[in-house]
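Contents: one structure, followed by commentary.
The values are calculated or read from the model by the stated rules, or taken from the named source; none is laboratory data. As the structure is a computational prediction, the values presented were derived from the model and not from experiment. FYI the Cβ positions are ideal-geometry reconstructions off the backbone, even for glycines, and counts take in every protein chain you see. Quick note on the areas: whole protein, heavy atoms, side chains included, nothing else; ligands and nucleic acids left out. Shrake-Rupley method; radii C 1.70, N 1.55, O 1.52, S 1.80 Å.
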Amino acid sequence: MSANLKYLSLGILVFQTTSLVLTMRYSRTLKEEGPRYLSSTAVVVAELLKIMACILLVYKDSKCSLRALNRVLHDEILNKPMETLKLAIPSGIYTLQNNLLYVALSNLDAATYQVTYQLKILTTALFSVSMLSKKLGVYQWLSLVILMTGVAFVQWPSDSQLDSKELSAGSQFVGLMAVLTACFSSGFAGVYFEKILKETKQSVWIRNIQLGFFGSIFGLMGVYIYDGELVSKNGFFQGYNRLTWIVVVLQALGGLVIAAVIKYADNILKGFATSLSIILSTLISYFWLQDFVPTSPYCSMKDWVGQVQWLLPVIPTL
């Protein structure tokens with residue numbers, strides 16, 4: 001049963017990662033009449049959906065008893081305010097990261113985004129060493145250097161790119177800065193969250209409820225600060241359509257899938273699943289979205305990413 005759950009969770013991870021990147025990219029570049037949906041509101045809705053899903057999972061673990069559910073939420077969240085407040089830091093960082101991913105995919109093709117975002121392996125390794133006192137071997141450090149070098153090659157413009165117009169809308173520089181910032185935030189928040197999980201005995205679902213609560217608050221603050229005028233003019237759900245809701249649901253699903261993978265699988269298989277997701281994103285980005293032309297540096301980097309993930313089983317690449 002555990003083996004089935006392991007491969008099921010990995011399969012869902014491949015589907016969720018690939019689908020989210022491609023649908024988010026498509027939704028941010030699709031030209032439609034009327035205002036485009038606001039990424040800040042999409043982040044808030046995703047957090048609310050994640051909270052609802054985790055409450056249902058806790059309800060199931062409580063033998064479908066509302067009284068037991070209420071007792072668990074009261075004892076684990078309300079009666080432990082300091083434990084709950086610890087989640088405010090990674091929650092705020094995750095909220096920033098989710099908004100940055102929308103910016104990145106508005107300005108980078110899906111394939112380049114997928115490879116560049118794997119720099120989070122490097123940032124996670126650095127934070128794991130500094131915050132969790134983990135030790136990496138020579139081959140693991142060498143793999144991280146190869147990863148960083150390969151990502152730099154992917155961003156190096158080819159002759160065909162210099163001679164042609166941009167294949168993707170927006171600024172490549174803005175997209176690159178957004179994804180690099182997201183890599184650092186992902187690395188720190190992931191290691192910080194792992195540290196909290198290892199220091200307490202609370203379930204992953206309770207922790208995700210706490211994350212979602214603070215994430216919703218920080219997200220609403222972002223909506224008010226950056227898009228308050230647009231929301232007051234056209235409404236909170238302006239530009240939402242079926243595709244937007246698919247993106248929101250996939251984003252909410254991401255945190256739950258990662259939790260399941262951590263519980264039932266391991267980081268080696270998780271890295272293998274991520275590599276498969278990169279390959280699928282590349283093929284679909286090239287043949288369907290038609291916004292990416294693979295170059296030799298990119299193909300080499302795609303292989304390097306797979307090698308790095310196999311060589312770094314001890315790093316929790318959240």
Those residues of the stretch 220-244 that are crowded, with 16+ Cβ neighbours inside 10 Å and in a helix (DSSP H, G or I) come to a total of 7
Of all residues making up the stretch 188-229, the number that are more than 15 Å from Gly255 (Cα to Cα) and in contact with a Phe, Trp or Tyr (Cβ under 7 Å, 6 or more places away or on another chain): 1
Residues of the stretch 47-63 satisfying the condition of being open to solvent by 80 Å² or more (accessible area, probe 1.4 Å) and assigned to a helix (DSSP H, G or I): Leu48, Met52, Leu56, Lys60, Asp61
Cβ-Cβ under 6 Å, sequence separation 6+ or interchain: first residue in the stretch 48-66 and more than 13 Å from Gly215 (Cβ to Cβ) and touching a residue at least 24 places away in the same chain (Cβ under 8 Å), partner surrounded by 17 or more Cβ atoms within 10 Å (Cβ to Cβ) and of a type in the set (Phe, Trp, Tyr). Which pairs? Leu57/Trp205; Val58/Trp205
Given the criterion among the hydrophobic types (A, V, I, L, M, F, W, C), out of contact with any His (no Cβ under 6 Å at 6 or more places or on another chain) and buried (at least 22 other Cβ atoms within 10 Å of the Cβ), identify the matching residue among Leu66, Leu122, Leu132. Leu122
So if I check each of Ile196, Ile217, Ile209, which one is aliphatic (A, V, I, L, M), modelled with pLDDT under 85 and either within 16 Å of Met131 (Cα to Cα) or part of a helix (DSSP H, G or I) (or both)? Ile196
Looking only at the stretch 35-79, how many residues end up being of a type in the set (Lys, Arg) and under 30 Å from Ile225 (Cβ atoms)? 2
With respect to Ala42, determine if the residue is modelled with pLDDT of 90 or more and surrounded by fewer than 23 Cβ atoms within 10 Å (Cβ to Cβ). no
Tally up the residues in the stretch 18-38 that are open to solvent by less than 30 Å² (accessible area, probe 1.4 Å), touching a Ser or Thr at 6+ places or on another chain (Cβ under 8 Å) and within 24 Å of Val115 (Cα to Cα), please. 5
Please verify whether Val145 is at pLDDT below 75, open to solvent by 10 Å² or more (accessible area, probe 1.4 Å), in contact with a Pro (Cβ under 8 Å, 6 or more places away or on another chain) and β-branched (Val, Ile, Thr), treating the condition exactly as stated. no
Would you confirm, using the coordinates I've provided, whether Ala88 is among the aliphatic types (A, V, I, L, M), buried (at least 18 other Cβ atoms within 10 Å of the Cβ), out of contact with any Ser or Thr (no Cβ under 6 Å at 6 or more places or on another chain) and closer than 23 Å to Thr181 by Cα? no
Confirm whether Lys165 is part of a loop (DSSP other than H, G, I, E, B), farther than 30 Å from Cys54 by Cβ and either at pLDDT 75 or above or open to solvent by 10 Å² or more (accessible area, probe 1.4 Å) (or both). yes
Here is a list: Val115, Val72, Val103. Which entry is touching a residue at least 40 places away in the same chain (Cβ under 8 Å), more than 28 Å from Phe188 (Cβ to Cβ) and hydrophobic (A, V, I, L, M, F, W, C)? Val72
Can you tell me which of Ser216, Ser186, Ser171 is in contact (Cβ under 8 Å) with a residue 24 or more places away in the chain and open to solvent by 30 Å² or more (accessible area, probe 1.4 Å)? Ser171
